[in-house]
1. For segment 659-679, how many residues meet the condition of being more than 21 Å from GLU394 (Cα to Cα), within 24 Å of the chain's Cα centre (by Cα) and open to solvent by 40 Å² or more (accessible area, probe 1.4 Å)?
2. Among the residues that make up segment 327-350, is at least one of them more than 16 Å from ligand 1 (Cβ to nearest atom), under 24 Å from MET492 (Cα atoms), touching a strand residue (DSSP E or B) at 6+ places or on another chain (Cβ under 8 Å) and assigned to a helix (DSSP H, G or I)?
3. Looking at this structure, is SER378 touching a helix residue (DSSP H, G or I) at 6+ places or on another chain (Cβ under 9 Å) and surrounded by 18 or more Cβ atoms within 10 Å (Cβ to Cβ)?
4. So, in segment 379-400, exactly how many residues are outside any loop (DSSP other than H, G, I, E, B) and within 28 Å of the chain's Cα centre (by Cα)?
5. Just to verify a result, which residue in segment 423-463, among those that are surrounded by fewer than 12 Cβ atoms within 10 Å (Cβ to Cβ) and of a type in the set (D, E, K, R), is farthest from ligand 2 (Cβ to nearest atom)?
6. In segment 314-326, what residues are part of a strand (DSSP E or B) and either within 16 Å of ligand 3 (Cβ to nearest atom) or open to solvent by less than 30 Å² (accessible area, probe 1.4 Å) (or both)?
7. When you go through (1) out of contact with any strand residue (DSSP E or B) (no Cβ under 6 Å at 6 or more places or on another chain); (2) touching a residue at least 40 places away in the same chain (Cβ under 8 Å) one by one for LEU444, which number turns out not to apply?
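The values are calculated or read from the model by the stated rules, or taken from the named source; none is laboratory data. As the structure is a prediction and not an experimental result, all values here were calculated from the model. Ideal geometry is used to build each Cβ from the backbone, glycine not excepted, and the neighbour counts take in all protein chains shown. What goes into the accessible areas is simple: the full protein's heavy atoms, side chains included, and nothing from ligands, DNA or RNA. Shrake-Rupley method; radii C 1.70, N 1.55, O 1.52, S 1.80 Å.
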Amino acid sequence: MGSARTDTTGSVSAAVARVQPLVATRALAGPFDYALPEELRSQVQVGSLLRVPFGARELTGVVVELAGSSELAEGRLRRPRALLSIALPGELIELAHYIARIYCSTFSRALALCLPPGAAAGIGLRRAPARVQASDGNGRQSEVTLQRPQLTAAQAAALAQIDERLGARRFAPLLLHGVTGSGKTEVYLRACERALAEGRSAIILVPEIALTPQIAARFRARLGDRVAVLHSALPDGERRAQWRRLREGGARVCVGPRSAVFAPLGELGLVVLDEEHDPSYKHESDPRYDARRIAAERARRSGAVLLAGSATPRAESFAHLQRLQLPERADGSPLPAVEILDMRAQRSLLHTASVEALAALRAAGGKAIVLLNRRGFSAFLACADCGHVWGCPECDVTLVLHRREGSLSCHHCGHRERAPRRCACGSASLVRHGLGTERLESELLELLGSELPVFRLDSDVLAREGRAGEVAERVLARFAQARCGVLIGTQMVAKGHDFPDVSLGLVLDADGTLRFPDFRAEERAFALIAQLAGRVGRGVRGRVLVQTLAPQARAIRHAAMHDAEGFLAAELRRRRALAYPPYAELIRVICAAQEAASAHGAAQCVRAHAEDELLAAGVAERTRLLGPAALMRLRGSERAALLVKTTALEEAVRALGAAVERAAGEHRAVAFAVDTDPR
Ligand code: ADP
Ligand code: ZN
Ligand code: ZN
């Protein structure tokens, strides 16, 4: 096989195709050789999809290499049964190799990410109609005339920098650090137009939120039918159609959440990461990729501009990317004043200052947004007599009361049961502890009466009323059109909305996020407050109140001063001291089992093997292993985890993969996961 002459450009004479079957099983490696019949030789290229016989089955596979001959005797080579009408760009095949390596996955699973739905099942057998020339999509088509705003000086300066990088056609990682309302979207749009005008394509990644369709609509309105949208919520047929338009040149811009990073676009010039701090860029099942890493890697391989934008960037982006600043709001309005309210001496849910501010709003008319990052009615239910607390039978967490539904539910695994009327001990005095959005809604209705309508937005509301995107849009539209009112909800209410007339923002339990044992806790608490403040005071004078039990917390103090730079500088010092990103990369190995002891034992076993493997790979010095530590029980599994900090990511992942394989042989009842870039 090694002696076979290969030609990755797709030689007409290639008689053998190396095919990677699209299967989920880890055991099956590949690629496998198939003989190409004469009539297929001129049509099959690297990236082509073939239906091939495999054992007694027929599978879809991707041609990853073409060769003149095979090591297998010619008579033993089987022939493909059909050629599918879609083909992957060669660039994505390379990218799939990278994903499999970094995220400890298989080549097949990584390839599957890059294909439209149904590809593995062989959907798309029809030959494609004649290809649309890619140049048809370049700039001339369908000029959409919208009155475009005059750029602010800061926007113009940022764009000039982007322009220069686009012209150089070399990889340039940029951070558009702009305060909320500074007009980052306008910069993305213009950068996109420039890339198109140069005959290059663009990918615009947006967070996975109910508002994705609205953001996509904004790009369509400006750039017309050169825009395709790839979103897992689209019906399969629609996704295939969009994929094909991108692949064949009918569309040159792809807008969508994380999976859009795999858009089949050639001549990539620009990759935008809108709200780059958003956790939804991380995919939570195998391959556990982070779209931000993939975006940077794709941009690097294509010599494209990576443009990450945020008002609250991650510490690693702030440290590593070249910064373009938009320090002021596009309309010139000031950021709202932020006041910290100490809740330690308070007995009620709302601070007296919050109650006064809401009462003033009711009297004067106006709009407020109230953020509480917990849905449901109360955090947990306890028996006042015997002290019993209702917990999830599958996970180590308390069940949240949802009063309207009359249920208790687990926010980790979805377990649901009827809310009890009495305890097993016979007592009927059940006490509700903690505050959720459902309870906040009823408290506010009581406090504000009918003069100030309350609009609630959280995933309970979205789940109850059907299609999430439409429901969110409806709630937000009603709030936007109302003369006055209060929008309450979870972090969703702080994301991206542009209401011109919100004069009051209120954050409840601002330090709730800080209590999570997570190295990003500080960053998230800062972002939550800064993002909510970002919705306030656009077009009117604004004020933000932050209720907290930790008024001295660094994240909260800096957020109140709108001091992202100061916060990030201190955060980077802390990260350096603890060897967290950007000073090391993280990998988490999770072992899950029925019994806690099995999970722990397996994790210890992985650790021992990993020490060997890291030494053998020569990266032991650059890698630290921490744990095993017990994680909370989840979905009926006891779990133990190792945390790995390394400055040799690729080698460390390979070593851990090998260690897990060895441990798996010895601990058959344990499930293992290697998670690079854990959330
Ligand atoms: P960001 O994403 O930075 O928070 P947006 O892109 O939502 O900000 O822009 C905030 C508002 O400013 C929007 O209503 C947008 O239309 C407007 N805007 C953007 N650029 C300009 C400009 N140059 N002049 C006037 N208004 C602008
Ligand atoms: Zn009891
Ligand atoms: Zn649960």
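1. Final tally of qualifying residues: 1.
2. No, segment 327-350 contains no residue that is more than 16 Å from ligand 1 (Cβ to nearest atom), under 24 Å from MET492 (Cα atoms), touching a strand residue (DSSP E or B) at 6+ places or on another chain (Cβ under 8 Å) and assigned to a helix (DSSP H, G or I).
3. yes
4. Counting residues in segment 379-400 that are outside any loop (DSSP other than H, G, I, E, B) and within 28 Å of the chain's Cα centre (by Cα) gives 2.
5. Step by step, filter segment 423-463, then rank; the result is GLU451.
6. Answer for segment 314-326, where residues must be part of a strand (DSSP E or B) and either within 16 Å of ligand 3 (Cβ to nearest atom) or open to solvent by less than 30 Å² (accessible area, probe 1.4 Å) (or both): LEU324, LEU326.
7. Exception for LEU444: condition (1).
Conditions (1) assigned by TED's automatic domain parsing to the domain that holds ALA357; (2) within 24 Å of ALA652 (Cβ to Cβ); (3) not aliphatic (A, V, I, L, M), marked per residue:
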residue: LEU532; (1), (2), (3): yes, no, no
residue: GLY539; (1), (2), (3): yes, no, yes
residue: ASP563; (1), (2), (3): yes, no, yes
residue: ARG573; (1), (2), (3): yes, no, yes
residue: ALA592; (1), (2), (3): no, yes, no
residue: GLN604; (1), (2), (3): no, yes, yes
residue: ALA617; (1), (2), (3): no, yes, no
residue: LEU625; (1), (2), (3): no, yes, no
residue: GLY636; (1), (2), (3): no, no, yes
